[in-house]
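First comes the structure, then the notes that go with it.
The values are calculated or read from the model by the stated rules, or taken from the named source; none is laboratory data. Just so it is clear, the model here is predicted, and its values are computed rather than measured. Cβ placement follows ideal geometry from the backbone for every residue including glycine, while neighbour counts extend to all protein chains displayed.
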Amino acid sequence: MDDGAALTLRPAAVVMDLDRLGMMQPSRLSFMRTLVRRMVREAWRITEVCFALDDEGYGEAIYCLEAGPETYHFVVFSKPLEDALRNDRVISNQWDLTMALVRGQLSDDQLDQLRRNVPLQEAGRMDENVLVLSRANRSARSFAEVVARLATGQQPDVERLKVAGYLCRTTAVYGSGKFGMAGWHVVKTSCRSFRTPFSGEMFTCYMLRHFSCRQVEHIARRQSPGTAVTIAPEIERYIGIGNATGLGMAPFLIRHPVLISHWMIQREIALARILNQTDCDAPKRYALQSMLRRVVQHLQETTVTADYQTSRNQILIAACLALIAKLSRRAFCAGLTSGGWKVLLSFVEDHYGPAAEELVQVLLFELYPHLVDPLEESMAAEERLDLDSGMTLVELLVLLETHYDWALNIDFDDPNHHALFWYRSEEKMEPRLGDRACDAGAEREMPLLIALGVRQCFDAMQRFLADNPDSLVVDFLIAHPDQLATVRRVQTMCALPYGDIRGNLSDRNLEPMHLLRAKLSFFGVGKFDPKSKLWVRNTMFQGAPIIADLSQDLNPDHWYFPTAPVL
């Protein structure tokens, strides 16, 4: 297998453009997809240890995961919650469900500690045996309705599930050492099953999905033992987990440039490998047409509230239909046979735009699993920014001019280019965007403006070089210690060009949703439904294999762009 150095990768100016990042789609390398593949490949065994719920579905449940030689437990607590107290904000302190993923065997003492602390979430005390902490609320649209239908012997209404394809919606999923839990260094070395980024968090959401289905079935049986039915497997697969995400996710992309670079470069290596293939034969073209039809149906079954997102989905549907027709034309296919997939992607971008191109790229991934899937093991990275203090300052200046020209081209003297600031709300405990012209709090600005930092560092270097032309980086930093973070970032990221987002996060016309979509695409979420420019609802694991499927000989990847079952 090749390495990235032997391939022609797309330039960072294209890949890391903020607008294009907002067009990213889930792929075979998304964390939900890689988790499900591992679960099937390694024959993970999940068994119910305890299911102690009352007539209303309140109580606790415990599931044991046996993944090779490793054992884990998923523990979930269900408590009554008044409708008026149910909301998705980080500042909430009561939820329908709270849960934890725990490594190893579960003793009575450990379970008692979890009972006391997991329902408290951030206010509780965890230990290094806990890998993930999460909470969720029932869907106001789906939960009670599905219970009622099951109780009367009916299956859930698939048409309704197209609108809200989940029973519960997670409002936070915590891992990586927060609140006393096991740190990432412990997880990646001691928990082989969850050694890739966010796999423990994704498994927790997968188990929440399973529990939510068992919970509604249980309540239905208690309501009407004589008529209640269980959820049909084909419908259960279509039920996912809801998620609400706001600006809290955005700072991660800025604060972890090394990790983001690793994520992006694996996608780019996968794409480059595929573009080197010359087998654009009829079977692969037919498969691509079939996938495009699937995308069309998926988008037609996706309900969103924002007009601009509806418009984007309609434009993408039109592009898919046009490309399906093109792939049936002999002359067009002859060009693909001679020119390969590069010809196709170039045509798609020229005629249908970059959003369609990003979509077709991830569909091509499905045609070459042997070229893509091995890259999932390279998604982890140590977040470390190194300093070369012995570099000449002139060399550093050249690096800035070469690799950060996009930042230096921004005119921060224009008030519209320096209009917004990021801060953390003490009341809401979440990142927020403020307007410098009218909002207080700019003095508490979060250090997320990489482009502005580069501009300020560059200007300071030029002034310093005027008097010290032969100086080293160390000389500059002694005089300007406030520039240390920027210098370390620049020196490190020049070798990792896919780590810095090429956009101005203080621009008045900033679209924060682009940041959220980029990260969520790596998670693998679907049904992207922006509720404003600042937060979005989406669906996780819709269409994925259910626990009963894991022991079967099945394709663990046939759930991309899920479509409603036909009963």
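Annotations for the structure displayed:
For (1) in contact with a Cys (Cβ under 7 Å, 6 or more places away or on another chain); (2) over 30 Å from Ala495 (Cα atoms); (3) assigned to a strand (DSSP E or B); (4) not assigned by TED's automatic domain parsing to the domain that holds Glu70, each residue gets a yes or a no:
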position: Thr170; (1), (2), (3), (4): yes, yes, yes, no
position: His218; (1), (2), (3), (4): no, yes, no, no
position: Glu234; (1), (2), (3), (4): no, yes, no, no
position: Leu253; (1), (2), (3), (4): no, no, no, yes
position: Arg273; (1), (2), (3), (4): no, no, no, yes
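- Within the range 528-567, being in a loop (DSSP other than H, G, I, E, B), surrounded by fewer than 22 Cβ atoms within 10 Å (Cβ to Cβ), in contact with a strand residue (DSSP E or B) (Cβ under 9 Å, 6 or more places away or on another chain) and among the aliphatic types (A, V, I, L, M) holds for Leu534, Leu550.
- Some residue of the range 436-449 being over 17 Å from Thr486 (Cβ atoms), in a helix (DSSP H, G or I) and modelled with pLDDT of 95 or more: no
- Of the residues in the range 163-174, none is farther than 27 Å from Gly59 by Cα, out of contact with any Phe, Trp or Tyr (no Cβ under 9 Å at 6 or more places or on another chain) and of a type in the set (Gly, Ala, Ser).
- For the range 315-341, a residue qualifies if it is within 20 Å of Thr8 (Cβ to Cβ) and either modelled with pLDDT of 95 or more or buried (at least 17 other Cβ atoms within 10 Å of the Cβ) (or both), and the qualifying residues are Leu336, Gly340, Trp341.
- Unmet requirement for Glu66, which otherwise passes all of (1) among the charged types (D, E, K, R); (2) touching a residue at least 24 places away in the same chain (Cβ under 8 Å); (3) surrounded by fewer than 20 Cβ atoms within 10 Å (Cβ to Cβ); (4) within 27 Å of Arg192 (Cβ to Cβ): (2)
- Enumeration of residues in the range 502-544 that are among the hydrophobic types (A, V, I, L, M, F, W, C) and closer than 23 Å to Ala380 by Cα: Leu515, Leu516, Ala518, Leu520, Phe522, Phe523, Val525, Met540, Phe541
- Within the range 45-70, the set of residues being among the β-branched types (Val, Ile, Thr) and over 16 Å from Asp108 (Cα atoms) comprises Ile46, Thr47.
- Qualifying residue in the range 480-492 (condition: in a loop (DSSP other than H, G, I, E, B), over 16 Å from Leu253 (Cα atoms) and at pLDDT 95 or above): yes
- Single residue of the range 138-176 satisfying the filter (among the polar types (S, T, N, Q) and over 30 Å from Glu128 (Cβ atoms)) that is surrounded by the most Cβ atoms within 10 Å (Cβ to Cβ): Ser142
- Condition check for Ala182: assigned to a loop (DSSP other than H, G, I, E, B) and within 20 Å of Asp127 (Cβ to Cβ): yes
Yes or no, residue by residue, for (1) aliphatic (A, V, I, L, M); (2) out of contact with any strand residue (DSSP E or B) (no Cβ under 8 Å at 6 or more places or on another chain); (3) in contact (Cβ under 8 Å) with a residue 12 or more places away in the chain; (4) part of a loop (DSSP other than H, G, I, E, B):
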| site | (1), (2), (3), (4) |
| --- | --- |
| Leu345 | yes, yes, yes, no |
| His351 | no, yes, yes, no |
| Glu357 | no, yes, yes, no |
| Leu364 | yes, yes, yes, no |
| His370 | no, yes, no, no |
| Glu376 | no, yes, yes, no |
| Leu385 | yes, yes, yes, yes |
| Leu396 | yes, yes, yes, no |
| Glu426 | no, yes, no, yes |
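- Of all the numbered requirements in (1) more than 20 Å from the chain's Cα centre (by Cα); (2) touching a residue at least 60 places away in the same chain (Cβ under 8 Å), Arg455 misses one, and that requirement is (2).
- Search result, residues across the range 414-434 that are modelled with pLDDT of 95 or more and either surrounded by fewer than 16 Cβ atoms within 10 Å (Cβ to Cβ) or over 27 Å from the mean Cα position of the chain (by Cα) (or both): Asp414, Pro415, Asn416, His417, His418, Ala419
- Number of residues in the range 493-527 that are of a type in the set (Gly, Ala, Ser) and outside any loop (DSSP other than H, G, I, E, B) equals 3.
- Hey, His298 assigned to a helix (DSSP H, G or I), modelled with pLDDT of 95 or more and in contact with a Pro (Cβ under 8 Å, 6 or more places away or on another chain) or not: yes
- Of the residues making up the range 496-516, those that are surrounded by fewer than 23 Cβ atoms within 10 Å (Cβ to Cβ) and among the charged types (D, E, K, R) are Arg502, Asp507, Arg508, Glu511.
- Restricting attention to the range 20-53, the residues that are more than 27 Å from Trp559 (Cα to Cα) and either in contact with a Leu (Cβ under 6 Å, 6 or more places away or on another chain) or in contact (Cβ under 8 Å) with a residue 60 or more places away in the chain (or both) total 2.
- Residue selected from the range 126-157 under the condition of a type outside the set (Asp, Glu) and assigned to a helix (DSSP H, G or I), by the criterion nearest to the chain's Cα centre (by Cα): Phe143
- Scanning the range 131-157 for residues that are among the hydrophobic types (A, V, I, L, M, F, W, C) and out of contact with any Leu (no Cβ under 7 Å at 6 or more places or on another chain) yields Leu133, Ala140, Ala144, Val147, Ala148, Leu150, Ala151.
- Taking the range 112-125 as the range and being assigned to a helix (DSSP H, G or I), surrounded by fewer than 17 Cβ atoms within 10 Å (Cβ to Cβ) and under 31 Å from the mean Cα position of the chain (by Cα) as the test, the residues that pass are Arg115, Arg116, Leu120, Glu122, Ala123.
- The sole residue among Pro565, Pro556 that is in contact (Cβ under 8 Å) with a residue 60 or more places away in the chain and more than 21 Å from Leu299 (Cα to Cα) is Pro556.
- Single residue of the range 243-252 satisfying the filter (surrounded by fewer than 21 Cβ atoms within 10 Å (Cβ to Cβ) and touching a helix residue (DSSP H, G or I) at 6+ places or on another chain (Cβ under 7 Å)) that is farthest from Thr171 (Cα to Cα): Phe252
- The one condition in (1) crowded, with 18+ Cβ neighbours inside 10 Å; (2) outside any loop (DSSP other than H, G, I, E, B) that Thr189 fails to fulfil: (1)
- Selection from the range 101-111 of residues that are assigned to a helix (DSSP H, G or I) and under 15 Å from Phe77 (Cα atoms): Gln110, Leu111
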